[in-house]
1. Filter region 153-195 down to residues that are part of a helix (DSSP H, G or I), without any contact (Cβ under 8 Å) to a residue 40 or more places away in the chain and of a type in the set (S, T, Y), then give me how many there are.
2. Yes or no: region 323-330 includes at least one residue that is of a type in the set (V, I, T), free of Cβ contacts under 8 Å to residues at least 40 places away in the same chain and either outside any helix (DSSP H, G or I) or open to solvent by 10 Å² or more (accessible area, probe 1.4 Å) (or both).
3. Looking at (1) surrounded by fewer than 17 Cβ atoms within 10 Å (Cβ to Cβ); (2) at pLDDT 85 or above; (3) of a type in the set (V, I, T); (4) under 24 Å from M17 (Cβ atoms), can you tell me which one V72 breaks?
4. Is it true that V196 is crowded, with 24+ Cβ neighbours inside 10 Å and either more than 12 Å from I40 (Cβ to Cβ) or at pLDDT 90 or above (or both)?
5. What residue, of A366, A358, is in a helix (DSSP H, G or I) and either closer than 25 Å to V202 by Cβ or open to solvent by 40 Å² or more (accessible area, probe 1.4 Å) (or both)?
6. Hey, can you tell me all the residues within region 216-239 that are closer than 30 Å to R159 by Cβ and buried (at least 20 other Cβ atoms within 10 Å of the Cβ)?
7. Report whether or not T224 is in a helix (DSSP H, G or I), in contact with a Gly (Cβ under 8 Å, 6 or more places away or on another chain) and not charged (D, E, K, R).
8. Condition test on R128, is it surrounded by 17 or more Cβ atoms within 10 Å (Cβ to Cβ) and basic (K, R)?
Amino acid sequence: MLLADVPPQTLPARSMMAFTLASHIILVPLGVALPLITLIMHGYGLRRGDATALLLARRWSAVMAVQFAIGVVTGTVLSFEFGLLWPGMMGRWGDVFGIGFGVEAWAFFLEAVLIAVYLYGWRRLPSRAHFLLGLPLPLVALLGAFGILAANSWMNTPRGFTLDAAGNPVDVKIWKAVFTPMFGPEYWHFVVAMFVTAGYVVAGVYAVGRLRGRRDRYHRLGFTIPFTLAAVCTPVQFVLGDSIARQVFHKQPVKFAAMEIVWRTDTHVPEYLFGRLHPNGTISGGIKIPQLDSILAGFRPDTKVTGLTSVPASDRPTPTQATIVHWTFDIMVGIGSLLVLLALWYGAMWLLRRRMPATPWFFRCAAVAGLASVVAVECGWITTEVGRQPWIVYQNMRVAEAVTATRSSSLWIMFGLVVVVYVFVFGSFLAVLLKMRARWRLADRTGGPRPPEETPETDTPYGPRSAGSRL
């Protein structure tokens, strides 16, 4: 579709959706993976009788609850935006792929109940029963991711329906609509990315503490368990990333062409690291590596790679969009490669010397790894969504056909209000986390270690506290 045919509502609608999604996805790694990290620490504490591990698990569960509350707000806004901004898609295709959103809503509800029970149980339940009641939490978090990724993978490779004479979907087959060709690669790539990101983010907090001279067991344990989980998952994620790129090559060749800024279909296609695609098909800047793109796509230099010009200009990303996708893809792969090196550094030290690296440079890298992982997640979603343009439902409905008829000026005003609300919400989230950190540091300085005769699970950060509680 030519630019002149794009409704004026498209830009503000896409901008609002992009902003809210980019904001929400910052919280998603902790929402998906922090329950598992907390349960691992909790189980370690119970098995070893380690009060420090139980203290960390209890505090992480408080962060988990606050993060979940903020995620409810940002996730609800996204849910409304699908109907308000893209009524064309939801009206025609909602019966086909809406099951994913239904699954995600049920998972959200179950997670809220389980988090409440888990927090409540720190003070009131026997330790074993409390731990067992927390075990469903990671599974429910994965169920929520299942619902969202089912919907998104369907938008990338729509299946499970036939079209009637008017172009409306009929004869819907739910299982085929859920388990599309891209669902498996997308789901596992996303889930492992959440474990990697959350592990590095949590470990990064304690890496900063180590760099500031806090070398007690509390910081060592708080760093080791989440970082180990992330380090184990990082090479796995690198392999999964290569697998999903190959699936995109086969299932969405035009998106792959945008990711690699391939203009014409050819063999012996070079790989460009960064660079800019121009409307005439030329590429400026970047680093050109001969034949590498064909080798990566099919393991042979004579592999044919589909180019952007294989379809009409109205059915492919613009050169600017392709450049954006190419840069975000390269940034994501670059960050992933650096994280693999960091994980190998950590693993080599454990295997050879049975200890983690002691150099400050390792902890500097570990402190940065959390932020870098979040950037990689953002880049991954940009690659997925922008690379599909101009389709909102791949090869079935364009973005311009799905957008609302609301005046563009009204959408810009709504966008401004959403930005103000999100600044307040995330500012409140940060303020609460800083307040909790200050309280915990004060308790650590004034209270010292818990007396050995006191059971580690006697208090929780919320609800009534026993006399003399220091948490």
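The values are calculated or read from the model by the stated rules, or taken from the named source; none is laboratory data. Computed from a prediction, not measured in an experiment: that's the story for all the values here. With ideal geometry, Cβ positions are generated from the backbone for all residues, glycine too; neighbour counts draw on all protein chains shown. Quick note on the areas: whole protein, heavy atoms, side chains included, nothing else; ligands and nucleic acids left out. Shrake-Rupley method; radii C 1.70, N 1.55, O 1.52, S 1.80 Å.
1. Keep residues of region 153-195 that are part of a helix (DSSP H, G or I), which gives 153-156, 174-178, 183-195.
Imposing the further condition that a residue be without any contact (Cβ under 8 Å) to a residue 40 or more places away in the chain reduces the set to 153, 175-176, 183-184.
If we keep only those that are of a type in the set (S, T, Y) too, we end up with 153.
Final tally of qualifying residues: 1.
2. Kept after step one, since they are of a type in the set (V, I, T), are these residues of region 323-330: 323-325, 328.
Filter once more, keeping what is free of Cβ contacts under 8 Å to residues at least 40 places away in the same chain: none.
Scanning region 323-330 turns up no residue that is of a type in the set (V, I, T), free of Cβ contacts under 8 Å to residues at least 40 places away in the same chain and either outside any helix (DSSP H, G or I) or open to solvent by 10 Å² or more (accessible area, probe 1.4 Å) (or both).
3. (2)
4. Details: crowded, with 24+ Cβ neighbours inside 10 Å: yes; either more than 12 Å from I40 (Cβ to Cβ) or at pLDDT 90 or above (or both): yes.
Spelling it out, V196 is indeed crowded, with 24+ Cβ neighbours inside 10 Å and either more than 12 Å from I40 (Cβ to Cβ) or at pLDDT 90 or above (or both).
5. Values: A358 fails: in a helix (DSSP H, G or I).
Testing whether each residue is in a helix (DSSP H, G or I) and either closer than 25 Å to V202 by Cβ or open to solvent by 40 Å² or more (accessible area, probe 1.4 Å) (or both) leaves just A366.
6. Our first condition is that a residue be closer than 30 Å to R159 by Cβ; within region 216-239, this holds for 233, 236-239.
Those that are closer than 30 Å to R159 by Cβ and buried (at least 20 other Cβ atoms within 10 Å of the Cβ): C233, Q237.
7. Values: in a helix (DSSP H, G or I): yes; in contact with a Gly (Cβ under 8 Å, 6 or more places away or on another chain): no; not charged (D, E, K, R): yes.
No: the conditions fail for T224.
8. Details: surrounded by 17 or more Cβ atoms within 10 Å (Cβ to Cβ): no; basic (K, R): yes.
Judged against the criteria, R128 is not a match.
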